[in-house]
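The structure appears below as structure tokens.
The values are calculated or read from the model by the stated rules, or taken from the named source; none is laboratory data. Because the structure is a prediction, the values reported are computed rather than measured. Positions of Cβ are generated from backbone atoms using ideal geometry, with glycine treated the same way; all protein chains shown enter the neighbour counts. For the accessible areas, the whole protein counts, side chains as well, though only heavy atoms, and no ligand, DNA or RNA atoms are used. Shrake-Rupley method; radii C 1.70, N 1.55, O 1.52, S 1.80 Å.
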Amino acid sequence: GAIIFSGKDYKLLGVDLSELSELERTLEEAGLNNEIPTLFIAEVVLTYMENTRSDALIQWAAEHFPQACFLVYEQVLPEDPFGHVMQQHFSQLNTALHSLAQYPDCEAQQRRFLGKGWTECSVMDMNEFFTCCIPEDEQQRVQTLEPFDEYEEWHLKCSHYFVLAASKGMEPSWTPLLPSVTVPRHAGPVGMAGSVPATVCARLSGIPGLRRYGHHSVLINPNVILTTGGFGEEDGQHCRMRNFHVLSKHAGYWEAACVTQNIPDKRWGERLYHTVSCLSDTLALVIGGRTSPSSAGLGMLWLKFPETCNASGPDDIAVELVSLQPAAESAALRWRHSTTELTFKGEQYLFVYGGRSVLEPVLGDWYFLHTPELSCTVIAVEGPVPESRHSHSACSWEGGVLIAGGLGAAEQPLGSVFFLKELEHGFQWQTIETHPPLVPRYSHTAHVHEGKLLLVGGVWFHASSVPGVTVIDLMTGLCLDYVINVEHLEWPLMLHNHSSAFLPNEKELLVIGGGGNCFSFGTYLNPEPVILSLSSILISH
């Protein structure tokens, strides 16, 4: 080891940390006094060493310094989908993460330090750290620094990094990881009620147009699914998606085709996080979405597909775009919102709710759009107003709308479920109590089947598992979590920013796309659509 740089109160040493005698000699040479309180900081350092060597270093520090503190920041949770993508990233850089196999979670890291001579040790993942240890004004400052819309990847990355503070011999004892903000700790899933098998959808592998996220898929009829927008892979490049995509079912198999657009239309705007509502076999309405998070929302657009949906093959589907300047423009200047069909006094409406806009990080307002002319209608709504949210789910049910989860103010996931119920003179918000309480989540999809609300995937702040399929019985409020069995998939299944279609006859969910763009680990897109078989958990009565 050698002293590389020496200043009045700063010395930079070059030394191999696995050679402890050499390390000791170099520190002595540099004039280090072991007897005074000493702070060690290891910011993603230990994990690049073999575990026997990093363990020895942790023990050496405890033995040689009577009063010391040790701060560590590095990765955890190697085995979930994001963990696999993270590990792959570091392996490609030829810098494999060695700690993960032996110390896969925060508790293991805490036991590691307590077993190697440190008397106090606290540890938390970065979601908890950001929420609990960063003062609220600083959280808000960071959240408003620049236009930002990658919440899923930010929260997933934070759940895969931890900060640990260990100490010994400090009087009074030193515990820096004390929450300055008390946030209600949501319990994770109580236990899994069972599992749901995932299989790759036959005949749909290798079709690049289905690798995308932030898109929207809609069932035009029971055998045709139209997918629009999002960010993904087109002509070998990552970009905002211009092409529409249709899946159609023939003789029991889904087949894919790109769709001809009558005009390569600028008005489509290559949008993400929009909604598409199918109003008939030949007509759908696109509402909102964004290009970049700093550009205003994109308004509304009619998609017209002539009656070729019953044609011989999916290639015959043509889509025509018709731009709209409706009175309800303000309803449309948003993204990550929901649009749901509902009925009032026998008339059809679209209910646009929540989302976010350029100015508002989270919206809690709503609009009733009377179809087909889309006039904004004022309808009285009573009852407790749901907290503002985006990236929630919304489903039509019994003439009203079910809203579940979402990301709320202060970027915290929500676990509430609301039903907007039709009354004689308007609607009423009703809370649906779930037990055990629904684990807060966002960026999931949802479907209703025979009085049960199905939530698919999403992001939550819990290390024990990733969200699979949750089934809520709307009569009793019973809430059951099912893990997704991915043993038949050869790649990590990222169930956020995806779309899904529920096929009631087959009791199957077809999951299309999903993934995201992580600043640290690049873009990850689920390579192909997946079928989740729900027949074992949806027993018909």
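By how many nm would the segment from residue 242 to residue 140 grow when fully extended, if each residue of separation counts as 0.36 nm and the alpha-carbon distance is taken off?
That works out to 33.3 nm of additional length.
What length, rounded to one decimal in nm, is gained on full extension from residue 485 through to residue 102, with 0.36 nm per residue of separation minus their alpha-carbon distance?
135.5 nm
Just from its helices, what would the mean residue ellipticity at 222 nm be for the chain, if runs of 4 or more DSSP H residues each count -39500 (n - 2.57) and the sum is divided by every residue, rounded to the nearest 500 deg cm²/dmol?
Rounded to the nearest 500, it is -4000 deg cm²/dmol.
Count the net charge of all other residues whose Cβ sits under 12 Å from the Cβ of residue 349, scoring Lys and Arg as +1 and Asp and Glu as -1.
-3
Please report the net charge: other residues with Cβ closer than 15 Å to the Cβ of residue 200, K and R +1, D and E -1.
Charge balance near residue 200 sits at -3.
Measuring with a 1.4 Å probe in the full set of protein chains, what accessible area per residue, in whole Å², belongs to segment 33-168?
45
Quickly rank 217-223, 19-25 as a protection proxy: mean count of other C-beta atoms within 10 Å, highest first.
217-223, 19-25
Treat each spin label as a single point 7 Å out from the Cα along the C-beta direction, and report the residue 476 to residue 53 distance in nm.
5.7
Extending each Cα 7 Å along its Cβ direction at residue 177 and residue 33, get the distance between those two points in nm, one decimal.
Each label point lies 7 Å from its Cα, and together they span 3.1 nm.
Using θ = phi - 60° and the Karplus curve 6.51 cos²θ - 1.76 cosθ + 1.60, what whole-Hz ³J(HN,Hα) does each residue of segment 343-348 get, with Gly and Pro shown as x?
My calculation for segment 343-348 gives 10, 9, 6, x, 9, 8 Hz in order.
Read through the labelled values [x] 174; [y] 213; [z] 297 and report the label of the one computed as volume of the Cα convex hull per residue in Å³ from the structure.
The value computed from this structure is option [x].
Once neighbouring chains are kept in place and the probe is 1.4 Å, which whole percent of the accessible area of the chain is contributed by carbon and sulfur?
53
For residue 22 and residue 122, compute 0.36 nm times the residue count separating them, minus their Cα-Cα distance, and round to one decimal in nm.
33.0 nm
Residue by residue through segment 212-217, what is 3J(HN,Hα) from phi via Karplus (6.51 cos²θ - 1.76 cosθ + 1.60, θ = phi - 60°)? Round to whole Hz and write x for glycine and proline.
Per-residue couplings from phi come out as 6, 9, x, 8, 9, 10 Hz.
Please list 192, 241 in order of solvent-accessible area, largest first, computed with a 1.4 Å probe with all protein chains present.
192, 241
What lysines could a cross-link reach from residue 11, if we take a straight Cα to Cα line under 27 Å and drop same-chain neighbours fewer than 8 places away?
168
Give, in whole angstrom and from largest to smallest, the semi-axes √(5λ) of the equivalent ellipsoid of segment 33-168, with λ running over the eigenvalues of the Cα gyration tensor.
Taking √(5λ) for each Cα gyration eigenvalue gives 28, 21, 12 Å.
Taking the inverse of the average 1/r across all pairs of different Cα atoms in segment 123-174, what Kirkwood radius in Å do you get?
That comes to 12.9 Å for segment 123-174.
Local charge sum around residue 149 (other residues, Cβ-Cβ under 9 Å, Lys/Arg +1, Asp/Glu -1)?
So the environment of residue 149 carries a net charge of +2.
Rounded to the nearest 10 degrees, what's the angle between the helix 51-64 long axis and the longest principal axis of the chain, both from Cα atoms, 0 to 90?
50
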